[in-house]
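The values are calculated or read from the model by the stated rules, or taken from the named source; none is laboratory data. As the structure is a computational prediction, the values presented were derived from the model and not from experiment. Quick reminder, even Gly has a Cβ in these numbers, built from the backbone with ideal geometry, and neighbours come from all protein chains shown.
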Amino acid sequence: MRALAIAHKGTEALAASEIKNLIGSEAYPKDSCVVFDAGFMDLCKAAYISQSVRRVICILQEFTLEKKESFLSQLQQAVENSEIEEWLSPEKTFRAVCESEFAIAQDAEAEAGSFIIEKIKKKKSYTQKVSLDSPDVTAYVFSSGKNCFLGIDLCGFDLSKRDYKVFTTSADIKGTIAYSLLLMAGYDSKKALLDPFCGSGPIPIEAAFKPTSSLNHFRRENFAFLKLKGHIPPDINALLEKLEKPAEKRRIFAYDSHLNYIKSAKKNAKIAGVNKSIEFSRIEAEWLDTKFSKGEIDIIASRPPYSKYEMKKTQALYDSLFYSAQYILSEKGKIALLSANPGMLIKSAEKNNFKASEEKEFWQGNMKLHALVFTKSKKST
């Protein structure tokens, strides 16, 4: 089957690497998504345990947009050329969802729904039932750049929304963004991880999940693929249960200078069921080198605070972070940071013998975040 995994803009290559790691399929990055081929059970597996993607779609048709004005006409043709009727029946309800930059979503959804209903009438001679609240089948239309897709949603909800995120801060990032940063840093469960500005805890919590599937364990019954009778194995729940792995011993440290943030992170981690895998502590960045032995940390991953109204204070904070990192970070260790102002991070890094080895732009909705990976420069060794 041809499949689509929708990702945040800028994280496509990282999402592709995760898909390959999870199910062994080569995935090819496109604009805000990746495409790959896999069996239906592997698609369900990817939807269930992926941490970097927002949604997984079974592709029925894909087309290249000729011009914005032709979007709806090309969509209609895609519906006509698809075999969407094989996913529907008189007993099933459906709805159409559209995520597109070329059309008003509600208008496009109504049009797509009409195209599908008309095709069913013509092909199967019955009127397809619609349910906007809890459909059995969701026809999903996604377009970004010139890439357009029509398919069946296997999720039924936005995977980037985490159930554990009950206590939040103003600088929060989505779990999918946090996990993408961990992928960029090359994190695995054998490495010691530190988030010195943990906020409400998305980075350490996402790290504690990897590589278990408990992230979606408590909302398993909400997955859309479980409603696709006739397409799923009868023992799919037993198969999903096998994906659950026992928690491994981790070395994850969630630190912050704000006590309220530490309390929020602890509560979120407890909701997630991973609080025993994380060590929480209130500490200033300038004292980090007193908490660890030399070279004890393999990866520092965080979103440092930033204020354009306190530039000197912010720069001093970054200086303290990289100064401490000289001591606590292993020689081949990495620092992966998210920032709206990468220049300040680079300045502090160079002052303390670190170099930026990689930089990407992550988009969380309309907000652009620079993701940078720093390594020790040769003169620091």
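Tabulated values for the structure
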item: Single residue of S213, S200 found to be hydroxyl-bearing (S, T, Y), modelled with pLDDT under 95 and farther than 19 Å from K368 by Cα; result: S213
item: Failed item, numbered, when L194 is tested on (1) outside any strand (DSSP E or B); (2) assigned by TED's automatic domain parsing to the domain that holds A371; (3) crowded, with 19+ Cβ neighbours inside 10 Å; result: (1)
item: Condition broken by G151, with the remaining ones in (1) of a type outside the set (V, I, T); (2) farther than 30 Å from I328 by Cα; (3) assigned to a loop (DSSP other than H, G, I, E, B) satisfied; result: (3)
item: Any chance K368 is of a type outside the set (F, W, Y), assigned by TED's automatic domain parsing to the domain that holds Y187 and surrounded by 15 or more Cβ atoms within 10 Å (Cβ to Cβ); result: no
item: Residue pairs meeting the criteria (Cβ under 7 Å; at least 6 apart or on separate chains; first more than 20 Å from K294 (Cα to Cα) and not assigned by TED's automatic domain parsing to the domain that holds F253, in region 311-338; second in a helix (DSSP H, G or I) and at pLDDT below 95); result: none
item: Criterion (assigned to a helix (DSSP H, G or I), of a type in the set (F, W, Y) and in contact with a Lys or Arg (Cβ under 9 Å, 6 or more places away or on another chain)) met by exactly one of Y261, Y255; result: Y261
item: Test for L239: is it under 30 Å from W87 (Cβ atoms), of a type in the set (A, V, I, L, M, F, W, C) and not in a helix (DSSP H, G or I); result: no
item: Residue within region 343-356 that is of a type in the set (S, T, Y), part of a helix (DSSP H, G or I), surrounded by 16 or more Cβ atoms within 10 Å (Cβ to Cβ) and modelled with pLDDT of 95 or more present; result: yes
item: Test result for T168, surrounded by 24 or more Cβ atoms within 10 Å (Cβ to Cβ) and either assigned to a helix (DSSP H, G or I) or among the hydroxyl-bearing types (S, T, Y) (or both); result: no
item: Which numbered condition Q315 fails, given (1) polar (S, T, N, Q); (2) within 18 Å of L182 (Cα to Cα); (3) touching a Lys or Arg at 6+ places or on another chain (Cβ under 9 Å); result: (2)
item: Strands (runs of 3 or more DSSP E) wholly inside region 24-141 that include at least 1 residues being acidic (D, E) and touching a residue at least 40 places away in the same chain (Cβ under 8 Å); result: 53-64, 93-99
item: Evaluation of E350 against (1) acidic (D, E); (2) free of Cβ contacts under 8 Å to residues at least 40 places away in the same chain; (3) closer than 18 Å to Y187 by Cβ (one fails), failing number; result: (3)
item: Matching residues in region 314-342 - criterion: being surrounded by 16 or more Cβ atoms within 10 Å (Cβ to Cβ), touching a strand residue (DSSP E or B) at 6+ places or on another chain (Cβ under 9 Å) and aliphatic (A, V, I, L, M); result: L321, A325, I328, L329, I335, A336, L337, L338
